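S.K.: Quick one: structure below, then a few questions.
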Amino acid sequence: MLSARLLRHRLPAAASSSPLRIVAAAMSSSSASAHGGAGKPNRLAAEHSPYLLQHAHNPVDWYPWGDEAFEKARKLDIPIFLSIGYSTCHWCHVMEVESFENEEVAKLLNDWFVSIKVDREERPDVDKVYMTYVSALYGGGGWPLSVFLSPNLKPLMGGTYFPPDDQYGRPGFKTILRKVKDAWENKRDAIEQTGNVVIEQLRDALSAKASPQDVPNDLAARYVDQCVEKLASSYDPKFGGFGSAPKFPRPVEDCIMLYKFRKHLEARQESEAQNIMKMVTRTLQCMARGGVHDHIGGGFHRYSVDECWHVPHFEKMLYDQGQIANVYLDTFVITGDEYYSSVARDILDYLRRDMIGEEGEIFSAEDADSAEYEGARKKEGSFYVWTSKEIEDTLGENAELFKNHYYVKSSGNCDLSGMSDPHNEFSGKNVLIERKPGSLIASKFGKSVDEYSQILGDCRQKLFDVRSKRPRPHLDDKVIVSWNGLAISAFARASQILKSGPPGTKYYFPVTGCDPVEYLQVAEKAANFIKDKLYDSSSKRLHHSYRNGPAKAPGFLDDYAFLINGLLDLYEYGGKIEWLLWAAQLQVIQDELFLDKEGGAYFNTPGEDPSVLLRVKEDYDGAEPSGNSMAAINMIRLSSIFDAAKSEGYKRNVEHLLAVFETRLRELGIALPLMCCAADMLSVPSRKQVVLVGDKGSAEFRNMVAAAFSSYDPNRTVIQIDPRNTEEMAFWESNNANIAQMARGSPTEEPAVAHVCQEFKCSPPVTSPGSLRELINKTVAVAGSSV
């Protein structure tokens, strides 16, 4: 195999701090529309993926992933060049402009290789195989992913971004192509053998098995403790977050911290609980005040290149928005501080305004790059940054106040860290950031806090209107089931959690201050879109994604697990039995397609596509949770809803799953925070059940539902049932006779009755929201007194 030093040019996680970013700044990144008249279209012009369409007019003779390309490589007996990326990937744009639009590079590719383009969001199964290979051999990966394959699809060598020519002591893409051609012609047996061996080794390593066995309860508690201790040791007390720059929002980290907070409360360890909350709240405040948060339009960018959450990589991803919103919602429930509910609303209102289609589908992403004006070259962040003069011209008499609040300077403000803008790409430009408490600046300008907040909101509205006239970043309007599942969860949960805010709360642009029930409507429309467009009612299977029709790829584990999670939240927070029924049906299909019944845990793919060389049992909870972690939590939730026979089956599958990953949980729990939570959830003797019985359409019932969610408890299940509804009663008679009996036995004269059950005992029924809140909070104290 060629030397890794020769072959690899791996982008660091903070690509923005690379010396190569200065090259990118001068380049025009491409989009589908920009290529309208740029040469003869290739095969990608017939595809639906926005990423593939961006490359449809390259001089490279691209093929989509499929038999036509594979057969050509076999017939000509030449290697495949596989390029994987996604439509909002900044460095993918750079490599396209530098190499794939270059006639000389295109000729080398067309003469010596069969070139295949893959959208990683459309085919995560293909991406997973070759990203795992590159990461294992070269110590890291990223996008664009560039891999050379034999005609039988085994990897030969690979890397990520390659500049077109040799520079910085590294080989350029043209050099790489010549070296790979030479190796194929003169060292073919050796490189093919190496590829075969590596794939076999990865197959063995990534399909771990375990004999069915319990994870002992004491170990489960230690998993959470060890993970929290590791995170706490990496906490940044100055700027919040865990670890150093670049700083990525990784919501699963906050999830396990909040989970441990609850356990401390139950154990009456209030000092330890407050220490954890300080870390979480500091992190969430710094994120929301930083430039990683879009103060003008709402939502969060992908990550910050510096340690202070200031200068971001500007793309916006749907999977971030849903998860981050849920963390702010949980923190609001715990603290009662409207600051956190306002940020959650900010995210959800951004999605409602900019990321939802006419039929309720939720789109995937917005690009980092855009033009400063029509016809100009695209640059990263152009849509989002401001000069001081632009703000002065737009805001007039309030410009000085606004500039003080958001640290706006005539010279530009990307100077808070040496990592913020090392090559002065944003000289004279400002990324809005809040560095001082608003109350201090309000006092300085002689304003009340309310008046000051209103002025800021009006200013943001004016700047939003001005910004809306700029060329927008590319919107990837592909609909991905898994990411929609994460967003459905957030919208559904917000519909109840936000009801606990004090009446008369004022909201300021870009927050709309809508009735929380509108968020439930968004969640239901998105779920209905998936059921109508991405679900085959005869086979009961999901498709993975949709754009102008369902994509060819089937649903993967993440699609099932994330959607089931969203549907369970839709049922618990919204109350319609149809969502619970569909979630249970999808769980059956998930088990049929992905569960290793002998070895435990779930594979990421159905294993039906021979071109996908690896079936992986993923466990890493990164930017997105792993499908196995989410599946474990889903089954624990389902086990508290269904009768004993089904409940035990769910629990056995979770026990077997955790046994597969026991070594990783024990030795590297920080990589699996959500799975650590799942292990601890399984060890809880009995999840708390809050069973609400009554007229779901009544105000009394709605108030009771809001009360059920007025406290933070990840080990709680809420069941809503109307005994007058024959469909619901039939469901419960078939699936949990105890719940059905509880519904029948509730006082019929009351519009809403609540039963709180735990450890096979139920409290006397209560009929008011205040009594329910008192009862729920009392169970925490009881749990604490028993420790």
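The values are calculated or read from the model by the stated rules, or taken from the named source; none is laboratory data. Because the structure is a prediction, the values reported are computed rather than measured. A quick note on method: Cβ atoms are made from the backbone with ideal geometry, for glycine too, and the neighbour counts reach across all protein chains shown. These accessible areas exclude ligands, DNA and RNA; they are computed on the full protein's heavy atoms, side chains included. Shrake-Rupley method; radii C 1.70, N 1.55, O 1.52, S 1.80 Å.
S.K.: Restricting to segment 550-588, give me the number of residues that are open to solvent by 10 Å² or more (accessible area, probe 1.4 Å), more than 29 Å from ARG716 (Cβ to Cβ) and either at pLDDT below 95 or small (Gly, Ala, Ser) (or both).
M.R.: So the answer is 2.
S.K.: Given (1) within 30 Å of MET317 (Cβ to Cβ); (2) not in a helix (DSSP H, G or I), where does ASN628 come up short, assuming only one miss?
M.R.: Every condition holds for ASN628 apart from (2).
S.K.: Look through segment 110-167, keep the residues that are basic (Lys, Arg), in contact with a helix residue (DSSP H, G or I) (Cβ under 8 Å, 6 or more places away or on another chain) and open to solvent by 10 Å² or more (accessible area, probe 1.4 Å), and return whichever of them is nearest to ARG203 (Cα to Cα). Working first, answer last.
M.R.: At the first step, the residues of segment 110-167 found to be basic (Lys, Arg) are 117, 120, 123, 128, 154.
Next cut, in contact with a helix residue (DSSP H, G or I) (Cβ under 8 Å, 6 or more places away or on another chain) only: 117, 120, 154.
Now narrow it down to the ones that are open to solvent by 10 Å² or more (accessible area, probe 1.4 Å): 120, 154.
On the way: ARG120: 20, LYS154: 12 Å.
Going through the qualifying residues, I end up with LYS154.
S.K.: Among the numbered criteria (1) assigned to a helix (DSSP H, G or I); (2) open to solvent by 50 Å² or more (accessible area, probe 1.4 Å); (3) basic (Lys, Arg), which one does LYS409 miss?
M.R.: (1)
S.K.: Here's a follow-up. Scanning for something free of Cβ contacts under 8 Å to residues at least 60 places away in the same chain, part of a helix (DSSP H, G or I) and not small (Gly, Ala, Ser), does segment 151-165 turn up at least one residue?
M.R.: The answer is no; no qualifying residue exists.
S.K.: Sticking with this one: Give me the pairs, please: first residue somewhere in segment 654-668 and more than 10 Å from ASN628 (Cβ to Cβ) and assigned to a helix (DSSP H, G or I), second residue anywhere and open to solvent by 10 Å² or more (accessible area, probe 1.4 Å) and among the acidic types (Asp, Glu), beta-carbon distance under 9 Å, and either six or more positions apart or on two chains.
M.R.: If the second residue must be open to solvent by 10 Å² or more (accessible area, probe 1.4 Å) and among the acidic types (Asp, Glu), the pairs left are GLU655/ASP214; HIS656/ASP596; ALA659/ASP214; ARG664/ASP619; LEU665/ASP619.
S.K.: Among VAL449, VAL466, which is the only one that is open to solvent by 70 Å² or more (accessible area, probe 1.4 Å) and farther than 30 Å from GLU96 by Cα?
M.R.: Numbers: VAL466 fails: open to solvent by 70 Å² or more (accessible area, probe 1.4 Å).
Of VAL449, VAL466, the one residue that is open to solvent by 70 Å² or more (accessible area, probe 1.4 Å) and farther than 30 Å from GLU96 by Cα is VAL449.
S.K.: Of the residues that make up segment 422-429, is at least one within 22 Å of ARG282 (Cα to Cα) and not in a helix (DSSP H, G or I)? Lay out the reasoning, then the answer.
M.R.: Here is the first cut: in segment 422-429, the ones within 22 Å of ARG282 (Cα to Cα) are none.
So far as segment 422-429 goes, no, none of its residues is within 22 Å of ARG282 (Cα to Cα) and not in a helix (DSSP H, G or I).
S.K.: Moving to a separate point now. Looking at segment 753-779, I want the residues that are under 24 Å from SER639 (Cα atoms) and have a partner that is outside any loop (DSSP other than H, G, I, E, B) and open to solvent by 30 Å² or more (accessible area, probe 1.4 Å) with Cβ atoms under 6 Å, at least 6 apart or on another chain. Which pairs are those?
M.R.: Every condition considered, the pairs that remain are HIS755/MET742; HIS755/CYS762; VAL756/LEU775; CYS757/GLN689; SER763/LEU775.
S.K.: What's the number of the condition VAL224 fails, among (1) surrounded by fewer than 20 Cβ atoms within 10 Å (Cβ to Cβ); (2) more than 21 Å from the chain's Cα centre (by Cα)?
M.R.: Unmet for VAL224, out of (1) surrounded by fewer than 20 Cβ atoms within 10 Å (Cβ to Cβ); (2) more than 21 Å from the chain's Cα centre (by Cα): (1).
S.K.: Being assigned to a helix (DSSP H, G or I) and either closer than 16 Å to VAL718 by Cα or touching a helix residue (DSSP H, G or I) at 6+ places or on another chain (Cβ under 7 Å) (or both) is the filter here, so list the residues in segment 736-770 that pass it.
M.R.: First pass over segment 736-770, keeping only residues assigned to a helix (DSSP H, G or I): 737-745, 769-770.
Within segment 736-770, ASN738, ILE739, ALA740, MET742, ALA743, PRO769 meet the criteria.
S.K.: Mind checking which residues of segment 355-387 are part of a loop (DSSP other than H, G, I, E, B), over 22 Å from ASP421 (Cα atoms) and open to solvent by less than 10 Å² (accessible area, probe 1.4 Å)?
M.R.: Within segment 355-387, MET355, GLY360, SER364 qualify.
S.K.: Would you pick out the residues in segment 404-427 that are polar (S, T, N, Q), farther than 23 Å from LYS378 by Cβ and touching a residue at least 24 places away in the same chain (Cβ under 8 Å)?
M.R.: Quick first cut of segment 404-427, residues polar (S, T, N, Q) only: 404, 410-411, 413, 417, 420, 424, 427.
Narrowing further to those that are farther than 23 Å from LYS378 by Cβ: 404, 410-411, 417.
Within segment 404-427, ASN404, SER417 meet the criteria.
S.K.: Given the conditions (1) within 18 Å of ASP619 (Cα to Cα); (2) in a helix (DSSP H, G or I), which single one is not true for LEU265?
M.R.: Looking at each condition in turn, LEU265 falls short on (1).
S.K.: Pick from GLU272, GLU229: which is within 30 Å of ARG652 (Cα to Cα) and at pLDDT 95 or above? So that I can check it myself, show each step before the final result.
M.R.: Numbers: GLU272 fails: within 30 Å of ARG652 (Cα to Cα).
None of the other options fit; the residue is GLU229.
S.K.: Identify, from the list ALA69, ALA56, ALA73, ALA45, the residue that is assigned to a loop (DSSP other than H, G, I, E, B) and either surrounded by fewer than 24 Cβ atoms within 10 Å (Cβ to Cβ) or among the aromatic types (Phe, Trp, Tyr) (or both). Quick ask: steps written out before the conclusion?
M.R.: On the way: ALA69 fails: assigned to a loop (DSSP other than H, G, I, E, B); ALA73 fails: assigned to a loop (DSSP other than H, G, I, E, B); ALA45 fails: assigned to a loop (DSSP other than H, G, I, E, B).
Checking each option against the conditions leaves just ALA56.
S.K.: Just name the residue that is surrounded by the fewest Cβ atoms within 10 Å (Cβ to Cβ) out of those in segment 592-647 that are in contact with a Pro (Cβ under 9 Å, 6 or more places away or on another chain) and hydrophobic (A, V, I, L, M, F, W, C).
M.R.: So the residue we want is ALA623.
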